[in-house]
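Below is one structure, written out as structure tokens; the observations come after it.
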Amino acid sequence: GSVLKYTGTGKAVVLDASAGVMKSYKSIIKDISIRSVGGTHGIYMKDVADILLENVYVSGTLTDVTATGFTTACIHIDMTPSQASIVVRMLNVYAQACLGDGVRSGGGNNNNAITIMASRIQGNNGWGINSLGVTKQMLIVGNDIEGNALGGILANAPTNLHIENNYFEYTNPISSIIDVVGGTGGEGIVSIVNNFIQAEVAFTNGILLGK
């Protein structure tokens, strides 16, 4: 695969129509390693549809030791207020050692049909997975989500959120490993099934629903 060592101050890889309309269809990012000593995002997507990330490694460091880059997120699925990003699939994706979140979704209107599967999201300074806006149908299955400074998963007013067969491990004190926050979208259907949660220090909540 390819290797990108990013030394800039912005976004390393961008899928963005920049027109407030959904134009980035059916794109595949595959077999690439993205590393950084700076920047805001490893992969930034905005107003996209039918996107596949497969065998992708994103890290905010060149050394695998100390995070120095990607202050917002390793991977960010964004949208303009009048649009959405839909059908984004991540398979065997590594989002590690970024100064921000591992995977961030939302920030404007809502995202639909987001899948994160068989991936490793570890050692980020923010949340492992941070769903900021109303996400409709989010599937998080079979991942290793550990050592993220703020917690494993933060979901704000999701509709149809399914978290299954994930491994969570934390050695630093955090408030919640999984935090599902109520909001204007309502929680809808939330299912949290057959996950393994391990912590070596005290934390306030393993799973917090509807705060």
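The values are calculated or read from the model by the stated rules, or taken from the named source; none is laboratory data. Note that the structure is a prediction, hence the values are computed from the model and not measured. For neighbour counting, all protein chains shown are included, and Cβ atoms are generated from backbone atoms with ideal geometry for every residue, glycine included. We work out accessible area using only protein heavy atoms, side chains counted, and drop any ligands, DNA or RNA first. Shrake-Rupley method; radii C 1.70, N 1.55, O 1.52, S 1.80 Å.
Worth a mention:
- Test result for Thr63, in a loop (DSSP other than H, G, I, E, B), open to solvent by 50 Å² or more (accessible area, probe 1.4 Å) and closer than 16 Å to Lys11 by Cα: no
- Residue in segment 107-141 that is farthest from Asp50 (Cα to Cα), counting only those that are in contact with a His (Cβ under 9 Å, 6 or more places away or on another chain) and at pLDDT below 90: Gly107
- Any hit, segment 67-77, residues being open to solvent by 50 Å² or more (accessible area, probe 1.4 Å), modelled with pLDDT under 95 and either over 18 Å from Thr9 (Cα atoms) or not aromatic (Phe, Trp, Tyr) (or both): yes
- Selection status of Asn130, crowded, with 22+ Cβ neighbours inside 10 Å, outside any loop (DSSP other than H, G, I, E, B) and touching a residue at least 40 places away in the same chain (Cβ under 8 Å): yes
- Restricting attention to segment 133-165, the residues that are among the polar types (S, T, N, Q) and either surrounded by fewer than 24 Cβ atoms within 10 Å (Cβ to Cβ) or touching a Cys at 6+ places or on another chain (Cβ under 7 Å) (or both) total 5.
- Selection status of Phe168, farther than 21 Å from Met79 by Cβ, open to solvent by less than 10 Å² (accessible area, probe 1.4 Å) and aromatic (Phe, Trp, Tyr): yes
- Here is the figure for segment 79-127: residues that are within 13 Å of Leu154 (Cβ to Cβ) and part of a strand (DSSP E or B) total 7.
- Scanning segment 83-118 for residues that are closer than 25 Å to Asn172 by Cα, of a type in the set (Gly, Ala, Ser) and open to solvent by less than 10 Å² (accessible area, probe 1.4 Å) returns Ala95, Gly100, Gly102, Ser105.
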